[in-house]
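Taking it in order: structure first as structure tokens, then the write-up.
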Amino acid sequence: MEPVVSIRWLLARLFEPEMVIVDCRFLLSDPQAGRTAYTEDHIPGAIYLHLEEQLSSPIGTHGGRHPLPDITELIYTLSKAGINRDSIVVAYDDQGGAMASRFWWLLRYLGHERVYLMDEGYSAWKKASFPVSAHQAVRIPSQYVADVQHDMVVGVEEVRAASINGGPLLVDSREPRRYLGLEEPMDAKAGHIPRAVNKFWKDVLDDEGRWKSSAVLKEQFADITQEQEVIVYCGSGVTACPNILALHKAGYEHVKLYAGSWSDWISYEGNVVATGEE
């Protein structure tokens, strides 16, 4: 089944017992904005998970601005939310799928297959006059059993090897001006990892903010062969995930996340920084 589902698909299954809806709304510029918005209203039955408090580890010297959460703590968070391996999980946000894609990736990383992203986001749900609620559902805790897919993620050593020697293709998901090193609003250094190509994550959406079809995405990624091993990164390992989901949607199977991304890369003094076009 496609990883992206329509708002109508979710509406039709809203009250199925196996369904767990996760509100992932979050703004980098205002870390509490998503939770505040959730408190005001959300899709009925949805629970809220916070990108920085529950879906990332604390920031350290290395690991980037949104390090992957500790596996044990993530399992505890999911279990407390009543999510188990039989759950059908649908994540949504209002940020073009960026935050929901990170949650989609995390569940895939734990070996969960029935996890989906709701297309268009919460504003489209409300605009369609679909039901909303301010009631915060009380979930019966479950026991999540993970099957961690360690090969879905790479660290700085593998990225360094790809940058120096080639092999896996490095894909930078940030907007072109950041990739080129013309501006850097978030991190201490501007530029990109040498050998990386730029595929801005928002290009996986059409002009209406909907996810492009598998056929269109396949065409868009035509310069990458299906057999190619791909390592995707962004600023902090969040907006790389929409590109990973899009590649998955287009049939690519050898795609990994550099979780620390650019903010981790520049935390090592010896790592080279490139600017301009590759």
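Data table
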read-out: Evaluation of Ile224 against (1) more than 16 Å from the chain's Cα centre (by Cα); (2) β-branched (Val, Ile, Thr); (3) open to solvent by less than 40 Å² (accessible area, probe 1.4 Å); (4) within 20 Å of Val272 (Cβ to Cβ) (one fails), failing number; value: (4)
read-out: Residue in the range 173-195 that is in contact with a Cys (Cβ under 9 Å, 6 or more places away or on another chain) and either within 17 Å of Ile231 (Cβ to Cβ) or aliphatic (A, V, I, L, M) (or both) present; value: yes
read-out: Test: Phe15 is under 29 Å from Pro131 (Cβ atoms) and modelled with pLDDT under 95; value: yes
read-out: Residue match in the range 127-143 (condition: crowded, with 21+ Cβ neighbours inside 10 Å and either touching a Lys or Arg at 6+ places or on another chain (Cβ under 9 Å) or within 16 Å of Ala240 (Cα to Cα) (or both)); value: no
read-out: Extreme residue, farthest from Arg195 (Cα to Cα), among residues of the range 227-278 that are of a type in the set (Phe, Trp, Tyr) and either at pLDDT below 95 or over 14 Å from the mean Cα position of the chain (by Cα) (or both); value: Tyr252
read-out: Ala215 modelled with pLDDT of 95 or more, among the aliphatic types (A, V, I, L, M), more than 17 Å from Asp187 (Cα to Cα) and surrounded by fewer than 18 Cβ atoms within 10 Å (Cβ to Cβ); value: yes
read-out: Scope the range 185-198; condition farther than 18 Å from Glu269 by Cα and open to solvent by less than 40 Å² (accessible area, probe 1.4 Å); matching residues; value: Ala196
read-out: Only listed residue being out of contact with any Leu (no Cβ under 7 Å at 6 or more places or on another chain), modelled with pLDDT of 95 or more and hydroxyl-bearing (Ser, Thr, Tyr), chosen from Ser163, Ser129; value: Ser129
read-out: Restricting the range 97-126 to residues that are in a loop (DSSP other than H, G, I, E, B) and closer than 11 Å to Pro3 by Cβ, the residue that is least open to solvent (accessible area, probe 1.4 Å); value: Gly97
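The values are calculated or read from the model by the stated rules, or taken from the named source; none is laboratory data. Here the structure is a predicted model, which is why all the values come from computation and not from measurement. Cβ sites come from the backbone with ideal geometry, for glycine too, and all protein chains shown count toward neighbours. These area figures cover heavy atoms from the full protein model, side chains too; ligands, DNA and RNA do not enter into them. Shrake-Rupley method; radii C 1.70, N 1.55, O 1.52, S 1.80 Å.
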